[in-house]
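Down below is the structure, laid out as structure tokens.
Nothing in this text is a laboratory measurement; each read-out follows from the coordinates by a stated rule. Keep in mind the model is a prediction, meaning the values are calculated, not measured. Ideal geometry is used to build each Cβ from the backbone, glycine not excepted, and the neighbour counts take in all protein chains shown.
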Amino acid sequence: MVTIDADRFKKTFRSYSKIGRTDADGLHRLTLTETDRKVRDLFVEDLESLGLDIRIDEIGNIFGRRGGTNPDADPVLIGSHLDSQPYGGRFDGQLGVLSALETLRSFEDAGVEHRRPIEIVNWTNEEGSRFKPALMGSGTFIGEFDGTDTLERTDSDGVTVAEALKRIGYHGEEPCEPREPYDSYLELHIEQGPKLEEAGRSVGAVEGVFGMAWLEATIHGDADHAGPSPMHSRRDALVAASDVVGAVRRLSNRVADDVVTTVGEFEISPGSINVVPAEARLTIDVRSYDDAVVAELVERVEREVEAACKREDVTYDLEEIWRIPHTEFSPRVSRAVLDAAEAVGADHQAMVSGAGHDATYLNEITDTAMIFVPSVDGKTHNEAEYTEWEDAVAGARTFAEATKRLAARPDDS
Ligand SMILES: [Zn+2]
């Protein structure tokens, strides 16, 4: 069994966390900024001192390769992302990249040989807060987004991804695509929810990701003066929209367990203290691991919008803007995680994820799974985001052991 150096892991985590650190001990490290350049430089330096074969692609994804005893075997890919949300936390993404780094360092220390090459990766722009869409580096890599189109995306100042990459010196030569088939992809990430903490476990072997649908409703009523217009004659778009918000909230416990429903955007116009609202626009996000449940939720939302608008005698447009089915990760790779957790003595369980990650895209081209570690109070995308250090270490130990097992897989199985 391979052992990681917990002190070195913690020290490394601290030094990376200084780059873009906020006053409240969070992390503000938006993709392709000067701060991102600094952390990338440190990462590349660390890969160089391990003697890895480094390459950077046209979207700025950074890869470092450690050779295997069979150099022609399909490699195992491990990593996550070093960018953060605005005033986000230190653990989201970064903990996964540094677990992968610590894994390779401990292999080097112990002289661990593995049949398959292992590649570590830092994906560009996972967060999607400066440039849209999120999961840009991994999504382009697997062919979900077109490379040229990705490079032309702009931030709110009109700077393109290509310009931002050139400014920080990370516009690589290589096309953003796999050069060869991969054996597998493994990513450690914080859970960003409360389940592991509630169960008192350090490690989750993630077997899949919720499917989801996004809807946008626009409700049209009539603007009226808040004084002279009597109640019975009103067609108030906000009253109908508020009914929809309450109904969406209640749907979650009516349809099935483990369903989440959210109204995340809400605007009314004209938005004046003495005017009856003429129009309301809101978005609805529904998720479940069961695609049939997502379909049922969408239908129920449609019925609720229709009923609320009928009661208030207003009209509406309802559009489904996005739907993705649930993701099932590779049983072989999640099995490797469970076995590794057992071997290193980490309290563990199988689980599914409510949120998408780079791993969701990688799953489309190779056998993939994830390791979750607990988030204290489930907090994330927030400076208060925290993971107890012993859980981070248990996760990294599991990660190193699982990586070793994956990289030992014979060529012909
Ligand atoms: Zn993340």
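So what is the relative contact order for segment 189-347, in percent, with contacts set as C-alpha pairs under 8 Å and at least six apart? If you can, show how the numbers build up before the last one.
On the way: 287 pairs, mean separation 60.8, N = 159.
Averaging sequence separation for qualifying contacts and normalising by length gives 38 percent for segment 189-347.
Report Rg(Cα)/(2.2 N^0.38 Å) for segment 260-413, keeping two decimals. Show your work: numbers first, answer last.
Working: Rg = 22.1 Å, N = 154, 2.2 N^0.38 = 14.9 Å.
Here the answer is 1.48, to two decimals.
All C-alpha pair distances within segment 92-165, sorted into 10 Å bins from zero, spread as 17, 38, 25, 17, 4 percent across the bins. Between the helical axis of 237-255 and the longest alpha-carbon principal axis of the chain there is an angle of about 50 degrees.
If packing is taken as the average count of other Cβ atoms within 10 Å, what order do 229-238, 188-197, 209-218 fall into, highest mean first?
Numbers: 229-238: 15.0, 188-197: 22.8, 209-218: 20.6.
Put in order of decreasing packing, that is 188-197, 209-218, 229-238.
Under a model in which nothing but the beta-carbon of Lys, Arg (+1) and Asp, Glu (-1) is charged, the chain shows a dipole of about 800 debye around its Cα centre. Which angle between 0 and 90 degrees, to the nearest 10, do you get for helix 94-110 versus the longest principal axis of the chain when only C-alpha atoms count? Orientation of helix 94-110: about 10 degrees from the principal axis.
Any idea what the relative contact order of segment 4-108 is, in percent, if you count C-alpha pairs under 8 Å spaced at least 6 apart?
On the way: 109 pairs, mean separation 36.4, N = 105.
Normalised by residue count, the contact order of segment 4-108 is 35 percent.
In the chain, the DSSP-assigned H stretches of four residues or longer account for a calculated mean residue ellipticity at 222 nm of -11000 deg cm²/dmol, using -39500 (n - 2.57) per stretch and the full residue count as denominator.
Each 10 Å bin from 0 upward holds the following percent of the Cα-Cα pairs of segment 154-300: 9, 21, 21, 24, 17, 6, 2, 0.
Multiply the residue gap between residue 283 and residue 349 by 0.36 nm, knock off their C-alpha separation, and tell me the result in nm, one decimal place.
Numbers: separation 66, 0.36 × 66 = 23.76 nm, distance 3.36 nm.
Stretched fully, the residue 283-residue 349 segment lengthens by 20.4 nm.
Compared with the dominant principal axis of the Cα atoms in the chain, helix 331-344 is inclined by about 60°.
Highest mean packing comes first when the peptides 278-284, 96-102 are listed by Cβ atoms within 10 Å, giving 96-102, 278-284.
So if I take the centroid of the Cα atoms in segment 154-205 and the same for segment 15-90, what is the distance between those two points in Å? Answer, in whole Å: 9.
For segment 219-303, the Kirkwood radius over C-alpha pairs fed into Stokes-Einstein at 4 °C and 1.567 mPa s yields D = 92 µm² per second. Each peptide in 286-296, 360-370 was scored by the mean count of other Cβ atoms within 10 Å over its residues; highest first, the order is 360-370, 286-296. The length gained on full extension between residue 45 and residue 307, counted as 0.36 nm times the residue separation minus their Cα-Cα distance, comes to 88.3 nm.
All Cα-Cα separations within the chain were binned at 10 Å from zero, giving a P(r) of 5, 21, 28, 23, 13, 7, 3, 1, 0, each value a whole percent of the pairs.
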